[in-house]
1. Considering only segment 6-21, state which residues are open to solvent by 90 Å² or more (accessible area, probe 1.4 Å) and under 24 Å from the mean Cα position of the chain (by Cα).
2. Is it true that some residue in segment 189-199 is within 18 Å of residue 75 (Cα to Cα), surrounded by fewer than 22 Cβ atoms within 10 Å (Cβ to Cβ) and without any contact (Cβ under 8 Å) to a residue 60 or more places away in the chain?
3. Of all residues in segment 120-147 being open to solvent by 20 Å² or more (accessible area, probe 1.4 Å) and of a type in the set (S, T, N, Q), which is nearest to residue 183 (Cα to Cα)?
4. From the list 82, 88, which residue is in contact with a strand residue (DSSP E or B) (Cβ under 8 Å, 6 or more places away or on another chain), at pLDDT 95 or above and of a type in the set (A, V, I, L, M, F, W, C)?
5. Mind listing whichever residues of segment 100-119 are in a helix (DSSP H, G or I) and either touching a strand residue (DSSP E or B) at 6+ places or on another chain (Cβ under 7 Å) or buried (at least 19 other Cβ atoms within 10 Å of the Cβ) (or both)?
6. Any idea which of (1) within 15 Å of ligand 2 (Cβ to nearest atom); (2) in contact with a helix residue (DSSP H, G or I) (Cβ under 7 Å, 6 or more places away or on another chain); (3) among the polar types (S, T, N, Q) is the one residue 101 doesn't satisfy?
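The values are calculated or read from the model by the stated rules, or taken from the named source; none is laboratory data. Fair warning: this is a prediction, and the values are worked out from it, not measured in the lab. Note: ideal-geometry Cβ built from the backbone for every residue, glycine included; neighbour counts use all protein chains shown. Heavy atoms of the whole protein, side chains included, go into the accessibility calculation; ligands, DNA and RNA do not. Shrake-Rupley method; radii C 1.70, N 1.55, O 1.52, S 1.80 Å.
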Amino acid sequence: METKIFKDDDISIAEAGRIAAAGGLVAFPTETVYGLGASAYDDTSVERIYAAKGRPSDNPLIVHIADISDIDKLAVDISPNARKLIDAFMPGPFTVILKKSRIVPDTVTAGMDTVGIRFPENVTAQRFIKAAGVPIAAPSANISGKPSPTEAKHVINDMNGRIDAIIDGGHCSVGVESTIVDASGCTPVVLRPGGITYDELKAVVPETVIDPHILESIGNDEQPKCPGMKYKHYAPDAEVTVVEGDPKKVRDKIKELIDENSDKVCGVLTMSDNAYDSAVILCAGNTNREYAKNLFSCLREFDRLGVEKVFAEFEERDGYGLAVKNRLYKAAAQRVIRV
Ligand code: TXA
Ligand code: MG
């Protein structure tokens, strides 16, 4: 299959919309990461998404909308707390889990009786969804297990020849996926930290809690509320180790680790101006917000440069810290050194 690469002009977006409406797979930019979209009402196309990504079929997809009134078609029993969150954070880097209506096919929700709904803020995403004329089911547009794509070239790397089209909308501004909140019960529960911080959520619904599994790996016998939690995630080819804590101690520890691994190509992901000899250095930025924006593209860049071991400086500095930590720990398969 030849994958068409579109710019984000009106004619191209109209064509991308027609492709999705006719059952095709189209990758599109959002403010968080690129999504791999198909009509949410078309079972066969949704199945093709799972195949193109190599995604386990028990891991549900998020349905993307560009008109707030679509929520009442896709979901039922929407609680007052859920409404407050929807009013406050849509459009935005936010996904709400609600009881699904009968219109949503089981292939989208992997048989669950709830559905994740997201209204992206990115204008290209909104224009594409409107052009398709149907809600768009979409996971992140990476091969399952790889870092999520934040630039069109990442999608091309993973998906060229597997999907019908890619809309190039430049670099995603948030860089990590949406915050997922399960609002299908009485108390909203954060299942995945992301572009909306916990403090922002609590300012709207104070009783919102965080699922305790967010920073842990899940045991085989446990059933996580968010099926995606149990899978290997965001893993570059390089082995990642997070070094967390006081900045000076972090620097000393990473120097030691580079010395110990002198037979390997080492890389350091920094939050500082620290210089390290004999290592490829990429800067994630001084704030956790910048770190979120750059994390996935840096992980992919280390692979491109042939780095074998990545040491990631990390310190929690702002509300994005939780989202960054969640992705970093998974990329590191929980190899975390605290100093
Ligand atoms: O920012 C984002 O959310 C991006 C962009 C493209 O919108 N999408 C994204 O999709 O990250 P994906 O499929 O890579 O991650 C969605 C996560 C998965 O972990 C899945 O298990 C969870 O959402 N999920 C989807 N529907 C769910 C449901 N009904 N209940 C619980 N978790 C759900
Ligand atoms: Mg994903």
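1. 7
2. yes
3. 140
4. On inspection, the qualifying residue turns out to be 82.
5. 107, 108, 109
6. So the condition that residue 101 fails would be (1).
Yes/no per residue for (1) away from ligand 1 (no atom under 14 Å from the Cβ); (2) in contact with a strand residue (DSSP E or B) (Cβ under 7 Å, 6 or more places away or on another chain); (3) under 16 Å from residue 110 (Cα atoms):
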{"residue": "36", "(1), (2), (3)": "no, yes, no"}
{"residue": "40", "(1), (2), (3)": "no, yes, yes"}
{"residue": "56", "(1), (2), (3)": "no, no, yes"}
{"residue": "67", "(1), (2), (3)": "yes, no, no"}
{"residue": "72", "(1), (2), (3)": "yes, no, no"}
{"residue": "76", "(1), (2), (3)": "no, yes, no"}
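Table: residues versus (1) under 27 Å from residue 289 (Cα atoms); (2) within 12 Å of ligand 1 (Cβ to nearest atom).
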| residue | (1), (2) |
| --- | --- |
| 79 | no, no |
| 92 | yes, yes |
| 98 | no, yes |
| 103 | no, no |
| 121 | yes, yes |
| 133 | no, no |
